[in-house]
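Report on the structure given below.
The values are calculated or read from the model by the stated rules, or taken from the named source; none is laboratory data. All values reported here derive from a predicted model rather than from experimental measurement. Don't worry about glycine lacking a Cβ; one is built from the backbone with ideal geometry, like all the others, and counts go over all protein chains shown.
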Amino acid sequence: MLYAGQAVSVRDAGDGLYEIVFDLAGESVNKFNQATLNELRDAVAAVREADGVKGVLFSSAKDVFVVGADITEFTGMFENGEDEIVAGILETTKIFNAVEDLPVPTVAAINGIALGGGFELCLATDYRVMSTKAKVGLPEVKLGIYPGWGGTVRLSRLIGVDNANEWVCGGSEKKAAAALKDGAVDAVVAPEMLRDAALDLLRQCIDGKFDYQARRAEKQQPVTLSQIEQMMAFESAKGVIGAQAGKHYPAPLAALATMQKHAGLTRDAALEVEARGFAKLAKTDVSRALVGIFMKDQAVKKAARKHARGAEPVKQAAVLGAGIMGGGVAYQSASRGTPILMKDINEQALQLGLDEATKLLAGQVKRGRLDAAGMAKTLTQIRPTLNYGDFGNVDLVVEAVVENPKIKKAVLAETESHLKDGAILASNTSTISITELATALEKPENFCGMHFFNPVHRMPLVEVIRGEKTSDEAVARTVAYAQAMGKTPIVVNDCPGFLVNRILFPYFAGFSLLLRDGADFRQVDKAMEGFGWPMGPAYLLDVVGIDTAYHGDEVMAQGFPDRMAHEGENVVDRMFKLERLGQKNGKGFYAYEPDRKGKPKKIFDESVFELLDGVVGERQDLDAEEIIARMMIPLCIETARCLEDGIVATPAEADMGLVYGIGFPPFRGGALYYLDEMGLDRFCEMAARYADLGPLYQPTERMKQMAANGETYYG
Ligand code: NAD
């Protein structure tokens, strides 16, 4: 062996071929932490100095190639000054340049995921051979930065400016066929053929059948477009990319500007431009928040793995109720490989549930993600039924019938009597206490909450709710099932509304108060969308359903009468009374009509103000800052309360619950991160200005104490 480290080794592959192998000791994946990069530098130097080396293969001994840079090292690195960041980046680009400058041909054998820095290394080699199973890409913009180790430079020269703009600014992962089509890899082969194919390519280079030098030179020269062509390519991309990214996410446009700036330069000058732009982005609040989100996501997944440890997998599931949620759960379970029985009391509902699953699967087929056979197979995994005949076989049942405690208790008790020993019952209730529902059951230890969000196939979060009597096994199995469905489970303790809805309802209360005081709901939506929410509160209420919000509000008012009960009629009560239920019946705050694709399109009708007469105050113009403060204060305080009350275990789980459950703007990092950023002292001062709005605007004693001591949630 020419070199042996903890993460990188160099093996003799015979006939003058050497193989640089990534295999990070003690980890399930390879990643570029500083120690690995140092070893790579030494390994490349060893190859360079050795006698008789004719070609070099880069490969991985793990299922992934290299997943990317070690993001846990970013936080420390990004705290440095810009010049220091640039210097650090250029140290790594030197290593990648040394790979590119080896005096012999080089090939990367991409067996699995090669993202970010992992793919940038592949770009530094002369050729890339990719397994049909692998994925490549440069997802850095999702962290508020862009590729800094030569990715923007080499890719734009290799696959052309238009493609590179899409790869870098979109940040998506590419499957083998797409990567080959764009020219980002040179060949795609079956996994078992990969190493031989890559070695064969090296031999052909050595035999002079491929001009690897010419290929290498392409990456080191300016792009091959004229000035005018360059200008057209970059200027026309600006509008599209800017619109896609939105004003809160500067990285995609910064990446574009960097690629434009270095398009006319040779390699080393271009790399310097890239590094300088990278350092600027690394210093933004957005990248700090997004890197934080990545770390919190990892922490949440780790916590879930811990909860699920030792759980028996769910081999057969069932769902009660084939409505919006039940149909979604059935689709998600079946498409991720867990067969599911779907029971309803109504034949027509079963058909609607199946139709919904069919529609979603047809969409997958249309997008090329599934073939017809796959679709048929998935559909056979959903078995509709009107009775409990096969329930003796079921490991876990998700109850998703109407949100009515009496009906739920009756249905749960009835179901329990048909289940085998040890089977788990989980309720998808949005608000009703799990401990309360458990009183109807003989084995409350086998019962918990499993709260999905609508639409099930799209929303990543599942709250797993532990009732007073829920056993650890029930939690473990439910968490494991949520993971098997591709969801991110967060375990929370029982209370009305659990974590996410308990926080959402005070936010809605903030909205009602704003309207009471004369704000126009369109103005409120605009301000909150400007803040970064995917939709404003009026629109969100229409999407959630005014009836759902009304009933939820009753439960929350009962659960937390001190602060969530309200006197007199508010806007949600009025809408409910008028049967303006939102999107589901075509009118709520807004009216809805189907667009060309049949999706509900929001329209505004002035007459709605007359309907709200008496529950809204005389119209007054409030500025966005005031609206944002009045909406965010109750939300943030309730998040802090959930943490203090032990409903959620950690700030990271609380914040990710909000990001994944209700679309809290990721670039703001979550409610508790937002409080840290603002400073709890400033927040408490701001809340004091709105104290007359009631107890939802009153920070907890603990918050005030933290403010006085200068404490933060993230330490
Ligand atoms: P829905 O009205 O669309 O569906 C309920 C289904 O349950 C209907 O098909 C009905 O026929 C069926 N049903 C009623 N009694 C039944 C019984 N005894 N056995 C089997 N099926 C029965 O309701 P939904 O929106 O899907 O909500 C279901 C549950 O999910 C509720 O608890 C709700 O609070 C919760 N939830 C809803 C959302 C949402 O946005 N819709 C989000 C999260 C959670």
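Miscellaneous remarks
- Considering only residues in segment 546-569 that are over 29 Å from the mean Cα position of the chain (by Cα) and in contact (Cβ under 8 Å) with a residue 60 or more places away in the chain, the one that is surrounded by the most Cβ atoms within 10 Å (Cβ to Cβ) turns out to be Met564.
- Scanning segment 145-175 for residues that are under 20 Å from His248 (Cα atoms) and either more than 26 Å from the chain's Cα centre (by Cα) or polar (S, T, N, Q) (or both) gives Asn165, Ser172.
- Among the candidates Asp621, Asp681, the residue that is over 28 Å from Lys306 (Cα atoms), surrounded by fewer than 17 Cβ atoms within 10 Å (Cβ to Cβ), charged (D, E, K, R) and modelled with pLDDT under 95 is uniquely Asp621.
- Residues that are surrounded by fewer than 24 Cβ atoms within 10 Å (Cβ to Cβ) number at least 1 in the following helices (runs of 4 or more DSSP H) confined to segment 95-174: 151-159, 161-170.
- For segment 276-382, the helices (runs of 4 or more DSSP H) that sit wholly inside it and include 3 or more residues that are small (Gly, Ala, Ser), within 16 Å of the ligand (Cβ to nearest atom) and in the same structural domain as Glu416 (by TED's automatic domain parsing) are 324-335, 347-366.
- Residues of segment 419-433 satisfying the condition of being in a loop (DSSP other than H, G, I, E, B) and within 12 Å of the ligand (Cβ to nearest atom): Asn428, Thr429, Ser430, Thr431, Ile432
- Any pair with Cβ under 7 angstrom, 6 or more apart, that starts in segment 379-392 at a residue that is free of Cβ contacts under 8 Å to residues at least 40 places away in the same chain and ends at one that is surrounded by 14 or more Cβ atoms within 10 Å (Cβ to Cβ) and not polar (S, T, N, Q): Gly392/His418
- Pick from segment 389-411, criterion in a helix (DSSP H, G or I), of a type outside the set (Lys, Arg) and closer than 19 Å to Ser427 by Cβ, ranking: farthest from the ligand (Cβ to nearest atom): Phe391
The rows are residues; the columns are (1) free of Cβ contacts under 8 Å to residues at least 12 places away in the same chain; (2) assigned to a helix (DSSP H, G or I).
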| site | (1), (2) |
| --- | --- |
| Phe664 | no, no |
| Tyr674 | no, yes |
| Arg682 | yes, yes |
| Met686 | no, yes |
| Leu696 | no, yes |
| Lys704 | no, yes |
| Ala708 | no, yes |
| Thr712 | no, no |
| Gly715 | yes, no |
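- Neighbours by Cβ (under 6 Å, 6+ apart or cross-chain): first from segment 69-89, in the same structural domain as Val136 (by TED's automatic domain parsing); second in a strand (DSSP E or B) and crowded, with 16+ Cβ neighbours inside 10 Å: Ala69/Phe32
- Hits in segment 547-563 - residues which are in contact with a helix residue (DSSP H, G or I) (Cβ under 8 Å, 6 or more places away or on another chain), of a type in the set (A, V, I, L, M) and within 12 Å of the ligand (Cβ to nearest atom): Ala549
- Scanning segment 175-224 for residues that are assigned to a loop (DSSP other than H, G, I, E, B), among the small types (Gly, Ala, Ser) and at negative phi turns up Ala184, Ala190.
- Residue that is touching a Lys or Arg at 6+ places or on another chain (Cβ under 9 Å) and either buried (at least 20 other Cβ atoms within 10 Å of the Cβ) or small (Gly, Ala, Ser) (or both), where the choices are Leu281, Leu256: Leu256
- For Leu386, the conditions (1) within 13 Å of the ligand (Cβ to nearest atom); (2) crowded, with 21+ Cβ neighbours inside 10 Å; (3) under 22 Å from Ile340 (Cα atoms) are fulfilled apart from (2).
- Selection within segment 45-64 - under 28 Å from Ser28 (Cα atoms), assigned to a loop (DSSP other than H, G, I, E, B) and of a type in the set (Gly, Ala, Ser): Ala61
- Residue tally, condition touching a strand residue (DSSP E or B) at 6+ places or on another chain (Cβ under 8 Å) and within 14 Å of the ligand (Cβ to nearest atom), over segment 434-459: 8
- Failed criterion for Gly239 (all others in (1) in a helix (DSSP H, G or I); (2) over 30 Å from Phe667 (Cβ atoms) hold): (2)
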